[in-house]
1. Which of LYS73/LYS94; LYS8/LYS100; LYS11/LYS100; LYS80/LYS130; LYS30/LYS80; LYS81/LYS101 have a Cα-Cα distance over 23 Å?
2. In whole Å, largest first, what are the principal axis extents of the Cα atoms in segment 28-136?
3. Compute the distance in nm between two label points, each set 7 Å from the Cα along the Cα-to-Cβ direction, one at ALA19 and one at LYS90.
4. Report the full-extension gain for the segment LYS8 to ALA136: residue separation times 0.36 nm, less the Cα-Cα distance, to one decimal in nm.
5. Sorting SER38, SER86 on the 10 Å Cβ count, fewest up front, what's the list?
6. Between GLN66 and THR39, 0.36 nm times their residue separation minus their Cα-Cα distance comes to what?
7. For a quick check: with amide H placed at 1.01 Å from N, whose amide H comes under 5 Å from LEU89's, ignoring anything fewer than 5 positions away on the same chain?
8. Applying the Karplus parametrisation 6.51 cos²θ - 1.76 cosθ + 1.60 with θ = phi - 60° to the phi angles of segment 120-136, what ³J(HN,Hα) value in whole Hz is obtained for each residue in order, glycine and proline being reported as x?
Amino acid sequence: METTILDKDMKVFYVTAAAFPEGVIPAHEKLHSMVPFSTERAYLGISRPENGGGIVYRAATEETFQGEAEQYKCDTLILKKGKYLSLILKDYAKDPLSFKKAFDKLLNQPGLDPNGYCVEWYINGGKDAKCMIRLA
């Protein structure tokens, strides 16, 4: 495990998955149909339990100019700056359970922000992912 620092808040816009985990891939597909892949922007998966229970998953991308989210008619949220506990998943597609294993490990660590998100940050052209949870 390592610590990743976001030195500024990150505004993202997103597509909410219809269900978790079944809706994760369709949500990313819908996002990428609107915003084609580019190495110039961050792509993320953002999730947490909400509304008293189930996990709400959002396929997200960083807003690259003011008003971009509105252009695509998407909702936004802010990933808060600060320290995040993180793990790198190399070639995650080879192990379908890699994200579950990584977040199970991260969620068992002390000092996490109780209002934080589980964040998948797709890196290295989308081949790898950094799993992160904000520290309190």
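1. Details: LYS73/LYS94 34 Å; LYS8/LYS100 27 Å; LYS11/LYS100 25 Å; LYS80/LYS130 16 Å; LYS30/LYS80 25 Å; LYS81/LYS101 25 Å.
Checking Cα-Cα distances, LYS73/LYS94; LYS8/LYS100; LYS11/LYS100; LYS30/LYS80; LYS81/LYS101 exceed 23 Å.
2. In descending order, the Cα extents are 39, 32, 26 Å.
3. 3.5 nm
4. 44.5 nm
5. Least to most surrounded, the residues fall as SER38, SER86.
6. That pair, GLN66 and THR39, stretches by 7.8 nm at full extension.
7. Amide H neighbours of LEU89: ALA129, LYS130, CYS131.
8. 9, 10, 7, 10, 6, x, x, 6, 10, 9, 9, 8, 9, 9, 5, 8, 5
Bear in mind that the values in this text are calculations on the coordinates, not laboratory data. Fair warning: this is a prediction, and the values are worked out from it, not measured in the lab. A quick note on method: Cβ atoms are made from the backbone with ideal geometry, for glycine too, and the neighbour counts reach across all protein chains shown.
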